[in-house]
1. Does region 77-113 hold any residues that are assigned to a helix (DSSP H, G or I) and crowded, with 19+ Cβ neighbours inside 10 Å, and which are they?
2. From the residues in region 173-223 that are under 21 Å from the mean Cα position of the chain (by Cα) and basic (K, R), which one is farthest from V139 (Cα to Cα)?
3. It is to be established whether one or more residues within region 95-109 are out of contact with any Phe, Trp or Tyr (no Cβ under 7 Å at 6 or more places or on another chain), without any contact (Cβ under 8 Å) to a residue 40 or more places away in the chain and under 23 Å from L175 (Cα atoms).
4. Inside region 124-145, can you point out the residues that are closer than 16 Å to N87 by Cβ and either crowded, with 24+ Cβ neighbours inside 10 Å or touching a residue at least 60 places away in the same chain (Cβ under 8 Å) (or both)?
5. Determine whether S211 is modelled with pLDDT of 95 or more, surrounded by 17 or more Cβ atoms within 10 Å (Cβ to Cβ) and among the hydroxyl-bearing types (S, T, Y).
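The values are calculated or read from the model by the stated rules, or taken from the named source; none is laboratory data. The structure displayed is predicted, hence computed values, not measured ones. Positions of Cβ are generated from backbone atoms using ideal geometry, with glycine treated the same way; all protein chains shown enter the neighbour counts.
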Amino acid sequence: MTSQSRAVLVTGSSRGIGRAIALAFAARGDRVAVHSGSSPDAAVRVAEELPGNGHVVVQADMADAEAVGRMVDEAAEALDGLQVLVNNAGVYTAHPPVETSWVQWQEVVARTLAVNLTGAMHATFRAVPHLIAAGGGAVVNVTSRGAFRGEPNTPAYGAAKAGLNAFGQSMAQALAPQGITVGSVAPGFVQTEMAREILDGPGGDAVRAQSPYGRVARPEEVAAAVLWLASPEARFSTGTIIDVNGASYLRS
């Protein structure tokens, strides 16, 4: 990686954290592939608001391995290479074990793991040849505080994010000889559309009070951590997991 324009693919970047990440990379002069799973119009709007030029829009259901593979290749072709992959796409569906039917449980678990974990694994595998061809690069996974503290109402989400942390550390060791850095960012609650129902509901104040700052993270704060992990300065920090949760959960 250099200070010159890089080719960057950000999955799940049609809104929220992914949009902020795409904006951050574009602001430093990078060319960004904006990905969506089911909101192509929203992805187009994000691409249109990015500063600079050379940005593209790609689409794939992250639960479909073949579609993910094609999407990564399409992004690399459209961007004339690939130097950074950000695995941000995710779904969050409540399924408390004592209140969920057997059928719903299977559906939510399968979908959550497919999108949040195996989709990112497939995207990484498919991106590796492009990163090697570029002379090295970076993979950054957006995981969650829930990977460490537990998610009683969304256990598949917590499990998927914990798995993504472990996967990232495995890839950090496997890909370092190829000049590829792999890191993860683990946010707590973030002020996004996905979290709005909780943050605007009766429990919103309690969530904000979890941090001594009395608020939740802004998408731009998560994006800043992602941007650093993708930088040359973070190369020897490969395998690390950065918490962005305002000290709402501290791990040793």
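1. Within region 77-113, V108, T112 qualify.
2. Within region 173-223, the match that is farthest from V139 (Cα to Cα) is R196.
3. No: zero hits.
4. Of region 124-145, the ones closer than 16 Å to N87 by Cβ are 124-128, 130-131, 137-144.
Result: A127, L131, G137, A138, V139, V140, N141, V142, T143, S144.
5. yes
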